[in-house]
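**Student:** Quick one: this structure, given as structure tokens, is what I'll be asking you about.
The values are calculated or read from the model by the stated rules, or taken from the named source; none is laboratory data. Computed from a predicted model, the values in this text were never measured in an experiment. No Cβ is skipped: glycine too gets one built from the backbone with ideal geometry, and neighbour counts run over all protein chains shown. For accessibility, only protein heavy atoms count, side chains too; no ligands or nucleic acids. Shrake-Rupley method; radii C 1.70, N 1.55, O 1.52, S 1.80 Å.
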Amino acid sequence: MLVHLQGPWTPVLGRLTLQQIPYENPILLGTFTFVAVLAIAILAATTYFGKWEYLWREWLTTVDHKKIGVMYCLLGLIMLFRGFIDALMIRTQQAIAVGHEAPGYMGAVHGYLTPFHLGQIFTAHGLIMVVFAATPLLVGIMNIIVPLQIGARDMAYPYLNALGLWLTTAGAALVMVSLFIGNFAHGGWYGFVPYFELPYSPGVGVDYWIWTFQLSAIGTSLGSINLIATIVKMRAPGMTWMRLPIFTWASLSTNLIALTSFPVLMVSLALLALDRYVGTHFYTAGMGGNLMLYSDLFWVWGHPEVYFLILPAFGMMSEIIPTFSEKPLFGYATMVIASFAIGGVSWGVWLHHFFTMAASPSVNSFYSVTTMLVGIPTGVKVFNWVFTMYRGRVRYELPMLWALLALFLLLVGGMTGMMNAFASSDYMWHNGLFVVAHFHMMVLVIAASVFGAVEYWFPKVFGFKLEQKWGKWFFWFMILGTGWTFVPMFLLGFAGMTRRLDYIPYMQWSPYLHVMLVGMVFYVLAVCFFVAHLYVSLRDRVSNRAGADAWGTGRSLEWMTHSPVPAYNYAFIPHINVLDEWAWRKENGLTELHAGDYEGIHMPKNTGIPLFLGMLFMGLGFALIWRIWWLALLCVALIVGLIILRSFDRDTDMTIPAHEVERVERGAQDETPATARSAGMPGGAVTAHSALRPGTDGIGGGTTSTNPSWAPMDR
């Protein structure tokens with residue numbers, strides 16, 4: 001039976017009333033006006049230029065893994081910008097609200113944000129940055145690159161891939177809706193029980209938080225199933241496990257973490273929803289429940305989630321550093337083992353979040369040791385990257401600069417993490433800014449790796465390089481922003497400042513807070529340089545066109561196909577002979593071989609059902625948030641109906657004719673820049689197809705036959 005709610009409720013609109021729209025808040029009113037004007041401008045431009053059919057055909061209904069990956073990345077960038085605005089508001093509020101004489105604006109006693117509003121911003125900032133910025137960016141890059149690196153033409157389940165994207169988008173949309181209708185949770189991004197129970201949080205903020213999180217968790221779980229199946233079952237002939245590129249290994253490890261941890265999150269959220277909607281007491285200590293059950297369930301997901309985010313970043317660094325050191329990756333086997341060691345240890349560290357809950361010394365000691373153990377495989381990776389660069393011909397191009405920044409931030413984050421691993425020291429700065437600064441160092445490792453990966457693989461996806469000048473301005477101002485923001489944060493943590501303060505009582509903290517505000521200004525300038533970087537790159541895309549091997553020293557399989565990549569990825573499925581297949585082919589002069597006559601290629605058809613399901617799930621979430629039961633039942637019925645309808649659809653595939661494949665392949669070769677024809681030079685063109693002749697092994701990059709006539713063709 002549904003629990004009794006405080007406040008009005010109607011059968012048609014549930015809890016939704018005009019009073020739930022915060023039109024009296026000037027910040028939210030200004031934000032709504034900006035978003036509305038921007039949306040109208042985009043819709044008008046799309047209509048004026050006649051792009052609706054193109055958007056529907058090429059993007060909204062696509063099941064192409066590359067386009068889905070690009071849309072994941074766009075979603076991540078949009079939400080990254082939203083999360084950055086939240087961070088800017090937090091830091092400006094704290095810099096203003098120092099001391100009892102600090103002025104108040106817009107209804108706030110100190111600063112310009114009320115405690116309730118700032119609590120919402122803190123909660124949204126954490127949730128958005130972890131779940132809707134970092135996760136979509138990483139999942140998007142994995143979507144694009146993994147099938148290319150293993151020689152596949154698409155993901156194992158293209159339809160499921162699209163559904164995961166639109167479910168994640170539905171969750172992100174609910175976060176954005178909470179800005180203008182109702183309010184968001186204000187108790188921290190990971191939730192507090194019993195504070196998130198209905199008697200203590202009777203509004204809709206926690207409900208927004210629950211269903212936003214839940215939709216994202218479902219979408220990420222579907223994506224993890226897809227990526228694991230793709231890596232296990234769709235590798236090209238000859239690609240044994242020890243010939244997988246290291247980024248693919250990192251993707252496999254991180255998605256095994258996702259597949260086993262996100263269901264735990266879904267269970268913890270479902271139990272909290274039952275407490276709030278049905279009146280159960282899973283987390284109510286006085287009613288037979290256990291409030292620590294929620295904390296355990298959440299952090300059993302929450303700490304493996306950290307490694308779910310960091311492992312793909314390590315994989316990106318492991319691709320970029322060898323390319324721009326012009327050497328193979330040092331210690332390939334140990335890098336693979338280290339990736340799975342990190343994933344395995346990640347399941348035994350969650351209790352370090354409760355070092356202050358008065359557990360026994362033996363319990364705290366165990367989780368201190370397991371937390372420190374993570375440093376061993378991470379240290380292996382650091383040394384391997386350094387040895388890869390040692391005596392290599394290091395080129396300091398933008399992707400390499402980002403990788404080196406990520407390496408430096410990893411050292412800072414790792415060392416401060418070891419400090420947090422000691423229960424005795426954690427007692428002193430638990431819930432303080434020192435821990436916040438440490439976590440942001442690790443998140444910035446992810447951000448630097450992602451920006452490096454975007455620079456690195458952008459020409460592969462779009463066919464032209466990003467412009468370097470504005471990109472370097474963006475890079476250097478990111479460094480300035482990081483130093484000026486987080487060094488003072490570490491110092492404030494040592495001084496005893498805790499997180500989530502809307503008012504700063506101690507004047508001696510004021511200089512540090514103002515230095516942090518200068519750092520935020522540098523970050524704002526970095527965002528401006530990033531926008532200029534994209535604009536200039538798009539404007540000069542013709543002059544910055546790149547061939548298949550855009551950097552000239554690519555080593556893995558994705559640099560073998562055209563830039564931009566055709567819809568089918570490979571005209572002929574390549575046969576894999578060694579680790580670093582593309583580097584081996586260049587060394588042995590096997591880059592210009594042709595596999596024979598073209599054949600038709602079987603590919604999945606586009607479908608709009610994942611988009612409609614995403615919209616319906618968003619409607620279901622909105623209905624559950626506001627207790628609009630008729631809308632919830634309607635959405636459930638339509639979701640079930642669409643799933644059944646899809647199950648009867650047998651026309652889900654198509655064949656790209658051989659003549660069309662030949663036309664695309666010859667057109668891609670003709671459009672290669674004349675100055676970049678050589679496969680050994682930056683931007684080199686390639687139609688590379690070869691395999692070992694019978695009797696050769698090619699293990700570990702060893703020498704094999706260089707006579708094309710002896711090599712069986714790819715197919």
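**Student:** Can you give the log10 of the normalised intensity I(q)/I(0) at q = 0.05, 0.08, 0.12 Å⁻¹, computed with Debye over equal Cα scatterers of the chain?
**Tutor:** Ignoring solvent entirely, the Cα scatterers give -0.25, -0.66, -1.47.
**Student:** When DSSP assigns beta bridges and you keep just the ones with both residues in the chain, what percent turn out antiparallel, to the nearest 5?
**Tutor:** Working: 8 of 10 bridges.
Bridges in the chain that DSSP calls antiparallel: roughly 80 percent.
**Student:** Using mean Cβ contacts within 10 Å as the protection proxy, how do 651-664, 34-47, 155-168, 108-121 order, highest first?
**Tutor:** 155-168, 108-121, 651-664, 34-47
**Student:** Read phi for every residue in the range 359-368 and hand back ³J(HN,Hα) as whole Hz from Karplus 6.51 cos²θ - 1.76 cosθ + 1.60, θ = phi - 60°, with x for Gly and Pro.
**Tutor:** Along the range 359-368, the couplings run 6, 5, x, 5, 5, 4, 5, 4, 6, 5 Hz.
**Student:** Round to the nearest 10 and give me the degree value, 0 to 90, for the angle of helix 291-325's Cα axis relative to the longest principal axis of the chain.
**Tutor:** 30
**Student:** What number results when the radius of gyration of the range 279-432, computed over Cα atoms, is divided by 2.2 N^0.38 Å?
**Tutor:** Values: Rg = 19.1 Å, N = 154, 2.2 N^0.38 = 14.9 Å.
Its radius of gyration relative to the 2.2 N^0.38 Å reference: 1.28.
**Student:** Here's another thing I want to ask about it. Where the convex hull is taken over the Cα atoms of the range 390-523, what is its projected area averaged over directions, in nm²?
**Tutor:** On the way: hull surface 41.8 nm².
Average of the hull's projected areas for the range 390-523 equals 10.5 nm².
**Student:** Next question, about the same structure. So what is the 222 nm mean residue ellipticity for the chain from helices alone, if each DSSP H run of at least 4 adds -39500 (n - 2.57) and you divide by all residues, rounding to the nearest 500 deg cm²/dmol? Please report the intermediate quantities before stating the final value.
**Tutor:** Working: 21 runs with 421 residues, N = 715.
Taken over the chain, the calculation gives -20500 deg cm²/dmol.
**Student:** Quick check for me: using +1 on Lys/Arg Cβ and -1 on Asp/Glu Cβ, what's the dipole size of the chain about its Cα centre, in debye to the nearest 20? Mind dumping the intermediate values first?
**Tutor:** Working: 38 positive and 38 negative charges, 99 e Å.
With Lys and Arg at +1 and Asp and Glu at -1, about 480 debye.
**Student:** Along its principal axes, what span do the Cα atoms of the range 188-315 show, with the longest given first and each in whole Å?
**Tutor:** Here the Cα extents, ordered largest to smallest, are 60, 23, 19 Å.
**Student:** With the convex hull built on the Cα atoms of the range 448-552, state its orientation-averaged projected area in nm².
**Tutor:** Averaged projected hull area, Cα only: 8.2 nm².
**Student:** Here's something else I'd like to know. DSSP loop trypsin sites (Lys or Arg not before Pro) in the range 553-644 with at most 14 other Cβ atoms within 10 Å of their Cβ, which ones?
**Tutor:** On the way: sites: 555, 585, 586, 605, 627; in loops: 555, 605, 627.
The qualifying sites are 605.
**Student:** What per residue convex hull volume, in Å³, comes out for the range 496-638 when only alpha-carbon positions are used? Can you show the working numbers first?
**Tutor:** Working: hull volume 43.3 nm³, N = 143.
Each residue corresponds to 303 Å³ of Cα convex hull volume.
**Student:** Hull surface divided by four, with the convex hull built on the Cα atoms of the range 114-215: how many nm²?
**Tutor:** Values: hull surface 29.3 nm².
Over all viewing directions, the range 114-215 projects a mean Cα-hull area of 7.3 nm².
**Student:** Here's something else I'd like to know. Sort 562-569, 170-177, 143-150 by the packing proxy (mean of other Cβ within 10 Å over each peptide's residues), most packed first. List each step's numbers first, then the result.
**Tutor:** Working: 562-569: 20.2, 170-177: 22.2, 143-150: 26.5.
Highest to lowest by the protection proxy: 143-150, 170-177, 562-569.
**Student:** Follow-up question, since we're still on this one. Pairs to check: 327/381; 460/605; 67/460; 67/605. Give those whose C-alpha atoms are more than 18 Å from each other in this structure.
**Tutor:** Values: 327/381 16 Å; 460/605 23 Å; 67/460 13 Å; 67/605 14 Å.
Checking Cα-Cα distances, 460/605 exceed 18 Å.
**Student:** Moving on. Before I look further, what does the chain give for accessible area per residue, probe 1.4 Å, in whole square angstrom?
**Tutor:** Values: 29590 Å² over 715 residues.
For the chain, the solvent-accessible area averages 41 Å² per residue.
**Student:** Could you give the angle, 0 to 90 degrees to the nearest 10, between helix 205-233's Cα long axis and the longest principal axis of the Cα atoms of the chain?
**Tutor:** Value to nearest ten degrees: 20.
**Student:** Rg to Rh ratio, the range 1-118, alpha-carbon atoms and Kirkwood radius?
**Tutor:** Working: Rg = 20.9 Å, Rh = 18.9 Å.
Over the Cα atoms of the range 1-118, Rg/Rh equals 1.11.
**Student:** Considering every Cα-Cα pair within the range 416-494, what fraction, in whole percent, is farther apart than 22 Å? All intermediate terms of the calculation are to be shown ahead of the outcome.
**Tutor:** Working: 1288 of 3081 pairs.
Roughly 42 percent, once rounded to a whole number.
**Student:** What ranking do 473-479, 91-97, 250-256, 314-320 get when scored by the average of other Cβ atoms within 10 Å per residue, highest first?
**Tutor:** 314-320, 250-256, 91-97, 473-479
**Student:** Leaving out ligands, DNA and RNA, what percent of the accessible area of the chain is carbon and sulfur, probe 1.4 Å?
**Tutor:** On the way: 21040 of 29590 Å².
Roughly 71 percent, rounded to a whole number.
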